[in-house]
Each structure stands twice: as structure tokens, then as C-alpha cells.
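**Q** Mind having a look at this structure? Questions to follow.
The values are calculated or read from the model by the stated rules, or taken from the named source; none is laboratory data. In this text the structure is predicted, and so the values were computed from the model without any measurement. In this analysis, Cβ positions are derived from the backbone assuming ideal geometry, glycine residues included, and neighbour counts consider all displayed protein chains. Only protein heavy atoms, including side chains, enter the accessible area calculation; ligands, DNA and RNA are left aside. Shrake-Rupley method; radii C 1.70, N 1.55, O 1.52, S 1.80 Å.
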Amino acid sequence: MPRFPFVSTDIEPERALLVGVERRDATWPVDRSLDELERLAETAGARPVARVTQRLDRPQPKTFIGSGKVEEICGMVHRMDIDVVIFDDDLTPSQQTNLERAVGEPVKIIDRTALILDIFGLHAQTREGRLQVQLAQLQYLLPRLRGMWSHLAKEQTRGGIGSRFGQGESQLEVDRRLIRSRIASVRRDLETVERRRRVQSKERTASPAFRVALAGYTNAGKSSLLNRLTGSSVLAQDKLFATLDPTTRSYRLPGGRLLTLTDTVGFIQKLPHGLVDAFKSTLSEVREADLILKVADASDENLFRQLQAVDKVLDEIGAGTTPAIVVLNKIDCIDDLLRCDLCRIYPDASVVSALTGEGIDALVEAISQEAAARDRIVDLTIPYAQSATSALVHTYGQVMVEEFGADAVHIVAKVPARIAGRLTPYLEDAPSTDR
């Protein structure tokens, strides 16, 4: 029987060249930012093979980088068989077009925003997530249609037969109208989904349950922490933006109090504003929370910068003043010396390992204290016929005294301020006391 050589059917990953600009006002050093860009490229399925950096006070209007660097990139593209050049900063449509002309086809020129949008497109699972990503992608594409039909525009400028119909301009306008129409359609679909989410959010707001949102830098271990706390099996991978869609799980504190924990999309430095706008309904889970757990990777050397990036996004979505607990995750990956340094720098932070469970009990206690900080002490007499009210107090409050009488039960309890108003008819003559 003849033997045939094995032929691999795996798709060869695209070879990527990373380009970064070092500026005086930059928050992150260019090398660290390119390290993150490399991880993003790998998440999108590319294989970074080289880097190019340049120090500039301000980007060049035509090509973002200097003409000498453009020539250097052109040489590297041909020598190293590069498929895609990825810029760590946003490019204007004209800059992207000029760079594409300089490098030549079929090499692609993309920026950080396009790369993140591509990753979001790969990982969005729910209908809402896919619509949000599609909206952001279309908004990104619309101003970049210029030049796609330039060959027709050139024919128009030559004059003579065929030049009087304006094919290039008309085709460009047709494409723009199609994209604007698609954007409007996606917005309508997304509004329908968002109305459903608002109804669910309203129900959660009316619920007495204390709402906790997990927010933080991408790949900091938010999903792993949710799984550790609630015993869930939410997808948790060592990838950037492994999960995009919010996941809510209920959790009962040791004292019996019920709360909800919501895992949200991870943040990142230079998070595209289009994504923040498109994901506003998803990010509302963070904005409407009673408490935010700001999860960060304790083993990452960019920890401080990551926390700054998280705070910046929280400010953008209107959640900057929400009570928060900093959670330094992955302490199983650091030594004792670094752990001591982090505890000194962040004395109020909870230091945990979602993998091993270390520090989880202390985190739960911190959450319990935050939940109890807004509680009220109520002195109630509830008739036996109103057993649902008694159940409400037991489910969402902490009962300190319970005495059973002939016709009613006497309860002294700490309850969330959110349900204290419902208990007004059953209050004793003495006013309730704030905790």
C-alpha cells in the first residue's frame, strides 16, 4: 500500500509586525504597551515576529510615524514576509491609507482599535454581544471607506467616455449609505435587546439583594473569582477578553444574606471609545452596582497602570464614585517579598488567589462589611398572616432577635435600606436606628 506524506490543513497564522511610538506624555512605556499588543495579536490568531519603535513628540499627520521609519517598515515587510502591520495607537483614515500605499498590497495596516474589535468579534457569544461588536465595527469602518474605489475615481479624472457618470463618487456614496443604513438597523435591534435588559435591570434594582459587580483589567481573573465564590463554571481562560457577555450569579453570605455577583467585560488601556459606547448597556451592570470589586493581577508588573486604566473607564461610564474594594488576585504567582510590598502599597486591598482559594474568606468578610454598612436596624411586629414579610426579612436581613407571640412574631433585624420602606407598617413605635 503506497504511503502518502501527511499534509497539514491548519491555517498558517499571519506574521505580524508591531509598531509603537514613545511619547513623553505616555502613561505606559512603549515596550510594556507593545508587550500587551503582542498578547492581543496572539489572541486574534497572529504571530508577532518583529517590533519597530520611534520616539516622537507628536504623530506625523500623513503617516503617523516619520518617513524614515516608513521606509524601514517597508524593507522589513518584504524581508520578513510580513502579512499585517499593527500600530499600537489609533490611525486616522488618511494615515492608514497612506501607509497602505507605501507598504503595498497585500499587506494589511491596522491599528489597536481594529485589533480589539476583531478579538471582540471572535469572542462575542450572545446576540446582544454580537450586535454591540457589529455596531462598533461599522462605526469604525464608515470613515475608512475613502480610497476603496479610487480606481474608479482615477478614471473619472481622465475625462472622456465614462468620466461623466461619476462612478467613483457614486459608488462611495452608495457604500456609505449602506453602512449608515446597517448602523441604523443594528441600533434598532440593539435598542430592542437593551429594553429587555432594562426590564431585567429594573427588577434587580427593585430586588433587596445587594449587587456586586466584578470589574477590572482583562485577564485579571474575574471569571475565576466568580467561579470560586459561587461554585459556577463560567468560562475562564488565560486569554485577553476571553469573556465579553455579563454573567450574574447569586451568592449567600455566611450570615445568610443574599447578594448577586456580576462578571463583566474586562478593561484595557486605550480601550476604544466606540466599544465603550457600544457596550454601554453591558457596562450599566457596573454603573448600577452597590459595590465594585476592582480585580487586578498581582503578578503583573503593570499592576499600578492597570488599576489606573480601570479607574479611567469607571469614570467614563459614571461608576467612579461607587464604593469599591481592590482585589489583588493571583497571589499564588508571587513571592512573599512582593506580597508584603503590595500589602504596604494597597493596605485596604483584599489579597486573594482564585485558583487556590487563599484570602477568599477575608474577601467575603470585606463584602459583608460593605453590605452591612448601609443596613438599618428595625424593630418589627409581623402578624402570622404576613408570613411573606417574615420570609423577606430572613432572606435579605440578619435577624438578631425573634420572639413568637400569640398572634404575631417580634423581630429585631438588620435589613438593607432598600427594603426598610416596605417594613414601615410593621415597625414598633420606637423609630428605627441607623447602623
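**Q** Enumerate the pairs (first residue in the range 20-40 and without any contact (Cβ under 8 Å) to a residue 12 or more places away in the chain; second residue anywhere and of a type in the set (Ser, Thr, Tyr) and open to solvent by less than 20 Å² (accessible area, probe 1.4 Å)) with beta-carbon separation below 9 Å, excluding pairs fewer than 6 apart on the same chain, so at least 6 apart or on different chains.
**A** If the second residue must be of a type in the set (Ser, Thr, Tyr) and open to solvent by less than 20 Å² (accessible area, probe 1.4 Å), the pairs left are ALA26/SER33.
**Q** Scan the range 82-120 residue by residue and report those that are closer than 21 Å to GLU22 by Cα and basic (Lys, Arg).
**A** ARG112
**Q** Follow-up question, since we're still on this one. Tell me the helices (runs of 4 or more DSSP H) entirely within the range 319-435 that contain at least 2 residues that are closer than 30 Å to VAL276 by Cβ and open to solvent by less than 40 Å² (accessible area, probe 1.4 Å).
**A** Hits in the range 319-435: 360-372.
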